[in-house]
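Please read the structure below before turning to the comments.
The values are calculated or read from the model by the stated rules, or taken from the named source; none is laboratory data. Bear in mind that the values here come from a model prediction, so they are computed numbers and not experimental data. Note: ideal-geometry Cβ built from the backbone for every residue, glycine included; neighbour counts use all protein chains shown. When the accessible area is computed, the model is the full protein with side chains, heavy atoms only, and any ligands, DNA or RNA have been set aside. Shrake-Rupley method; radii C 1.70, N 1.55, O 1.52, S 1.80 Å.
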Amino acid sequence: MDGVGPSRYFGFVSRMYLSCALVMTLSASAAAGGFGIPEIGVRRTAMGAIIGRPDDPSSLYHNPAGLVLQDDWVVYVSAGVALLSTEFELAPWDQSDRFLGTSPTSTGYYAPVKPSRAFGVIPMIAVAGKLTDKLHVGASVIAPQAVVGAAYQVTPTLALGATVGVINFRVHGERDVFPIVDGADLSKLTGTKPLLTLDGSGWAPTYMVAAYGAPHPRVTWGAAIIGRVDATLTGPINVAYSPDASTPGDMLVGQQTTQQMLPWTFQAGVNVDVTPNIEVGTELRYWLYRQYKNQHTDIVGIFLLRELDTEKDYHDSQEWTGGVRVHDLAAVPKLDLMMGGQYDHSPAPPRSITLDSPSFSHFGLHSGARYSFGRYRVGFSYIHYWYEVPTITDSITMPPSNIRGSGSNNIFTLSLEAHL
């Protein structure tokens, strides 16, 4: 998040070495229960309930055992765009006017953080199909992850599946640094707005194991476990003194290594055909974020700082989703109409939230449709999120990130399936 005024400051609880240090925060943004939003594939984005009946190749990311539902070879292309809108206001702290160069408004908060809008693109391509009567395989790429998977029909009512893959982590941060550490004012040395720039990247392996069952002609279920990911991100880091420093324009240059974790994830769902034309489904995703207590960065080459420890103190997170699909109607037998609802509980306690790493619980409304013609099926979906942004008054960051605000997100997805 880049901007002016209050939006450019951030901080965290750090462990200092030598006589002084500069502080920053580094974290992947988490707008939902996980670091990424699992909104992949039109069945998921339109109905919300895919784990219990994963009937398209996006099953590679939700429940790879569902690959057994592909009777022939399919190429699946999906593209989504997320349009995020937020408004955050920061409360003042001791000497904040001096460092921000502005004053609070009549509300007692600073003007809203800039920018207030952002967007992201979610592209995916997948290929899946039947290799033998019982063995089905697939492969997919969705930035920044690539996976290959397989499913085996163990019995007529049970299939097992798994994926393995790699994920690429990238981080780029450019932020003003709060120059007061443990009560010591370093602004005479660094200036009131020293600029810290950090870049890092790294690769890590991923895997998932899953099951899919059909105990009754009208009932299906699915379950999956996603393994924990531990990644090491390395790259350059530098601190540029601001114009009011004792030696303006000076720059400290070093290298950083940051440890990043994605937690164990457990997910399951059930889908039921209540009539020949109406299917309902529900699913639960559970992230084991209790493991994410802090984020650690080692730094070499900058005499002011050797390492950073950012307190996170996350708790477990869960997401409930349910939906309905209407299909095979006499008037339009090739049309699927879908709608669903969602609630996602954030893992982040409000007291450790920072403006550049926000994570909030939210409600979501899903809707969409799929239409088949010949060897093709096209899909479209729309999701709207309402974020529950708390008013934070007990922030433990330094400087404190006591904020109030609001936020929403609109996600549009298009897909095309081609049966070969």
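Can you tell me how much longer the chain between LEU284 and SER106 gets when fully stretched, taken as 0.36 nm per residue apart minus their C-alpha distance, in nm with one decimal? Mind dumping the intermediate values first?
Values: separation 178, 0.36 × 178 = 64.08 nm, distance 4.38 nm.
Gain in length upon complete extension: 59.7 nm.
At q = 0.11, 0.12, 0.14 Å⁻¹, work out log10 I(q)/I(0) for the chain with the Debye formula, treating every Cα as an identical point scatterer and leaving solvent out; two decimals please.
The calculated log intensity ratios at q = 0.11, 0.12, 0.14 Å⁻¹ are -0.84, -0.96, -1.19.
So which residue, out of GLY213, GLY323, GLY101, gets the largest mean-square fluctuation from a GNM of the chain using Cα contacts under 10 Å as springs?
The residue with the greatest mean-square fluctuation here is GLY101.
If I stretch the segment between ALA146 and ARG170 completely, what's the gain in nm (0.36 nm per residue apart, minus their alpha carbon distance), one decimal? Walk me through the numbers before you get to the answer.
Working: separation 24, 0.36 × 24 = 8.64 nm, distance 1.51 nm.
Full-extension gain reported as 7.1 nm.
In square angstrom, what is the accessible area per residue of the chain with a 1.4 angstrom probe? Display every interim value, and only then the final one.
Working: 17450 Å² over 420 residues.
Roughly 42 Å² per residue, with all protein chains present.
If you build a Gaussian network model of the chain, linking Cα atoms that sit under 10 Å apart, which residue out of VAL300, VAL209, VAL147 swings the most?
VAL300
Rounded to the nearest whole Å³, what is the per residue volume of the convex hull around the Cα atoms of the range 281-362?
Details: hull volume 12.0 nm³, N = 82.
Cα-based convex hull of the range 281-362, divided per residue, equals 147 Å³.
Would you give the gap between the C-alpha center of the range 101-124 and the C-alpha center of the range 255-321, rounded to a whole Å?
If we compute the Cα centre of each part, the gap is 25 Å.
At 1.4 Å probe size, with the rest of the protein present, what percent of the exposed accessible area of the chain is carbon and sulfur atoms? Could you put the intermediate results ahead of the total?
On the way: 11100 of 17450 Å².
For the chain, the apolar C and S fraction of the accessible surface comes to 64 percent.
Sticking with the crude label model, points 7 Å out along Cα→Cβ, report the distance from VAL300 to SER408 in nm, one decimal please.
Each label point is offset 7 Å from its Cα along the Cβ direction, giving 5.0 nm.
Between ALA331 and LEU135, with labels modelled 7 Å along Cα→Cβ, what's the label distance in nm to one decimal, could you check?
Each label point lies 7 Å from its Cα, and together they span 4.8 nm.
Per the Kirkwood formula on distinct C-alpha pairs, the Rh of the range 112-207 is how many angstrom? Walk me through the numbers on the way to the answer.
Details: mean 1/r = 0.0548 Å⁻¹.
Taking every pair of different Cα atoms in the range 112-207, averaging 1/r and inverting gives 18.2 Å.
For THR234 and HIS315, FRET efficiency with R0 = 35 Å and r from the beta-carbon atoms, rounded to 0.05? It would help to have the intermediate numbers written out before the result.
Details: r = 29 Å, r/R0 = 0.84.
Efficiency, from the Cβ-Cβ distance: 0.75.
Among LEU262, LEU196, LEU329, which one shows the highest mean-square fluctuation when the chain is modelled as a Gaussian network with alpha-carbon springs under 10 Å?
Among LEU262, LEU196, LEU329, the largest GNM mean-square fluctuation belongs to LEU329.
Sketch the reach of a paramagnetic label on THR155 as a point 7 Å from Cα along Cα-to-Cβ, and name the residues of the range 202-232 whose backbone nitrogen lies under 12 Å away.
Label zone hits: 213-216.
How large is ³J(HN,Hα), in whole Hz, for each residue of the range 359-374 in order, when computed from phi with the Karplus curve 6.51 cos²θ - 1.76 cosθ + 1.60 and θ = phi - 60°, using x for Gly and Pro?
For the range 359-374, the Karplus-derived couplings read 9, 10, 5, 7, 9, x, 10, 9, 7, x, 8, 10, 9, 9, 8, x Hz, x marking Gly and Pro.
I'd like the FRET efficiency for MET251 and LEU416, computed as 1/(1 + (r/R0)^6) with the beta carbon distance as r and R0 of 51 Å, rounded to 0.05.
On the way: r = 49 Å, r/R0 = 0.96.
Computed FRET efficiency for MET251 and LEU416: 0.55.
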